[in-house]
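The structure under discussion appears below in the form of structure tokens.
Please treat every number below as a calculation from the coordinates, not as lab data. These figures come from a predicted structure and were not determined experimentally. Here the Cβ positions follow ideal geometry from the backbone for every residue, glycine too, while neighbour counts run over all protein chains shown.
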Amino acid sequence: MSQFTIPKTMKAAVVDSTESPLEIREVPVPSPESLAPGECLVKLDCTGVCHTDLHAAKGDWPIPAKTPLIGGHEGVGIVVAIGAHTQDSPVQLGDRVGIKWLADSCLDCELCRKGLEQSCSKAKCSGFSVDGTFSQYVLSWVRHVTPIPENMDSAEAASILCAGITAYRAIKYSRSNVGDWICLPGAGGGLGHLAVQYASAMGLRVLAIDTGAQKKALALRLGAEAWIDFKESKDLVGDIKRATGGAGPHTAVITAATSAAYAQAVDYLRPGGKLMVVGLPARASLNADIFFTVVKSISILGSYVGNRQDAREALDLAARGKVKCFFELKPLSALKETYEGLEKGTVVGRVVLDMKN
Ligand code: NAD
Ligand code: ZN
């Protein structure tokens, strides 16, 4: 039972179908009595806006999101109710926790046991297969919410929960070595600007690729050693090779939401290079040249958010000041214009929505 006063309705951003516009309206708050064992209710302070939310709202992917959909999967808030008969909850009432993309998984299948819980067949995804954080309260699962380090502001922590975890895991699993060159197309966006910092913190040399003066200034300030504007470059492969000492980068982590950003990766990576597939453009496939993938011994690896351990590690680096989200705080009513900005590529870093009022 809850010691908190929980209203019957809340403000939420709802998408009724991929054809209908986003609408901010009052919807019921899940009642504490309706929570099953293992479920909890979180009152949100804030939530980041990920490009994934826009893909989900538009129906860009082969698997459709639920409808009506409340998107959002970078939420931070307080646990205000826990389902009756929940055993051994790792979080308690009043704890500040994060809601990430992976809201729940069985934790018992082979994938979960091996730490690939994101790919569990019973996975529930916030703001996709279950309602997410573009609402003042969200139902989640005690085993998967992430404790937020005490010294972190909610708004600072929010985007670590998807953008940070995803960027961190992709770099970690690329098995790059200290001193390697890493190329980051998408470096001025939500995932990318955090990838610049995680890569620098992990001892890598960063070549940032994106467009515009603001994203350039941000990437260089956050630790990138070199920068290429993809809209200005006349010879992207040549420019990337020159910027990384001639041979090309050891690793590329693609966080752009366009397939163009993948097009030449196999050409510019050095032999033995690793291509980390992260950005999820609509209806896209990878067109890697098979001959050069083979003779250059290129590894192509998909990287999907991160597991609970990746979440702790990504947050820990941020809590220790190694990584800082660059964001603009806006009200929930700014979600529509934020989607327009993501579509046009004008969002620098992240937009975080204040959910308190
Ligand atoms: P964002 O819009 O904030 O950032 C994308 C950036 O890519 C922008 O700055 C844009 O200018 C840049 N860009 C566009 N075309 C480019 C090109 N040809 N070369 C270089 N840069 C280019 O988006 P985001 O929130 O960072 O998300 C990025 C993508 O990652 C989305 O497709 C999202 O769905 C996906 N994503 C994947 C995972 C995962 O688990 N793999 C997790 C979260 C997000
Ligand atoms: Zn996301």
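Scanning region 240-262 turns up no residue that is aromatic (F, W, Y) and either more than 11 Å from ligand 1 (Cβ to nearest atom) or within 28 Å of P147 (Cβ to Cβ) (or both).
Pick out the one residue from R350, R308, R312 that is in contact (Cβ under 8 Å) with a residue 24 or more places away in the chain and in contact with a strand residue (DSSP E or B) (Cβ under 6 Å, 6 or more places away or on another chain).
Values: R308 fails: in contact with a strand residue (DSSP E or B) (Cβ under 6 Å, 6 or more places away or on another chain); R312 fails: in contact with a strand residue (DSSP E or B) (Cβ under 6 Å, 6 or more places away or on another chain).
Unique residue meeting the criteria: R350.
Scanning region 337-357 for residues that are surrounded by fewer than 14 Cβ atoms within 10 Å (Cβ to Cβ) and more than 16 Å from ligand 2 (Cβ to nearest atom) yields a total of 6. Those helices (runs of 4 or more DSSP H) of region 65-182 in which 3 or more residues are surrounded by fewer than 21 Cβ atoms within 10 Å (Cβ to Cβ) occupy 110-113. Annotation: E26 fulfils all but one of (1) more than 23 Å from A158 (Cα to Cα); (2) in a loop (DSSP other than H, G, I, E, B); the unmet one is (2).
Does I228 satisfy the condition of being of a type outside the set (D, E, K, R), outside any loop (DSSP other than H, G, I, E, B) and touching a residue at least 40 places away in the same chain (Cβ under 8 Å)? Taking the combined requirement at face value, the residue does not satisfy it.
Being part of a helix (DSSP H, G or I), buried (at least 19 other Cβ atoms within 10 Å of the Cβ) and small (G, A, S) is true for just one of A257, A208, A219. Which residue is that? Explain how you work it out, then say what you get.
On the way: A257 fails: part of a helix (DSSP H, G or I); A208 fails: part of a helix (DSSP H, G or I).
Just a single option satisfies the conditions, and that option is A219.
Out of region 81-140, which residues are in contact with a Phe, Trp or Tyr (Cβ under 8 Å, 6 or more places away or on another chain), among the polar types (S, T, N, Q) and within 23 Å of A157 (Cα to Cα)?
Looking only at region 81-140, we keep the residues that are in contact with a Phe, Trp or Tyr (Cβ under 8 Å, 6 or more places away or on another chain), and these are 81, 93, 101, 103-104, 118-119, 124-128.
Subset that is among the polar types (S, T, N, Q): 118-119, 126.
Selection gives Q118, S126.
Does L191 satisfy the criteria of being in a helix (DSSP H, G or I), within 9 Å of ligand 1 (Cβ to nearest atom) and out of contact with any strand residue (DSSP E or B) (no Cβ under 7 Å at 6 or more places or on another chain)? Spelling it out, L191 is indeed in a helix (DSSP H, G or I), within 9 Å of ligand 1 (Cβ to nearest atom) and out of contact with any strand residue (DSSP E or B) (no Cβ under 7 Å at 6 or more places or on another chain).
Only one residue in G321, G306 is under 20 Å from the mean Cα position of the chain (by Cα) and within 14 Å of ligand 1 (Cβ to nearest atom). Which one?
The conditions single out G306.
If you take the residues in region 277-294 that are within 16 Å of ligand 2 (Cβ to nearest atom) and part of a loop (DSSP other than H, G, I, E, B), which one is surrounded by the most Cβ atoms within 10 Å (Cβ to Cβ)? Break it down into steps so the answer makes sense when it comes.
Taking region 277-294 as the starting set, the residues that turn out to be within 16 Å of ligand 2 (Cβ to nearest atom) are 277-282.
With part of a loop (DSSP other than H, G, I, E, B) added as a condition, the list becomes 278-282.
Numbers: V278: 27, G279: 23, L280: 16, P281: 18, A282: 13.
It comes out as V278.
Against the condition of a type outside the set (F, W, Y) and within 16 Å of ligand 2 (Cβ to nearest atom), how does A199 come out, does it pass? Against the criterion (of a type outside the set (F, W, Y) and within 16 Å of ligand 2 (Cβ to nearest atom)), A199 does not qualify.
Condition check ((1) within 16 Å of ligand 2 (Cβ to nearest atom); (2) of a type in the set (A, V, I, L, M, F, W, C); (3) within 21 Å of S119 (Cα to Cα)) across all residues:
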position	(1), (2), (3)
K241	no, no, no
A263	no, yes, no
L275	no, yes, yes
V305	yes, yes, yes
C325	yes, yes, no
L332	no, yes, no
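All of (1) surrounded by fewer than 18 Cβ atoms within 10 Å (Cβ to Cβ); (2) over 30 Å from T346 (Cα atoms); (3) out of contact with any Gly (no Cβ under 8 Å at 6 or more places or on another chain) hold for S20 with one exception: (2).
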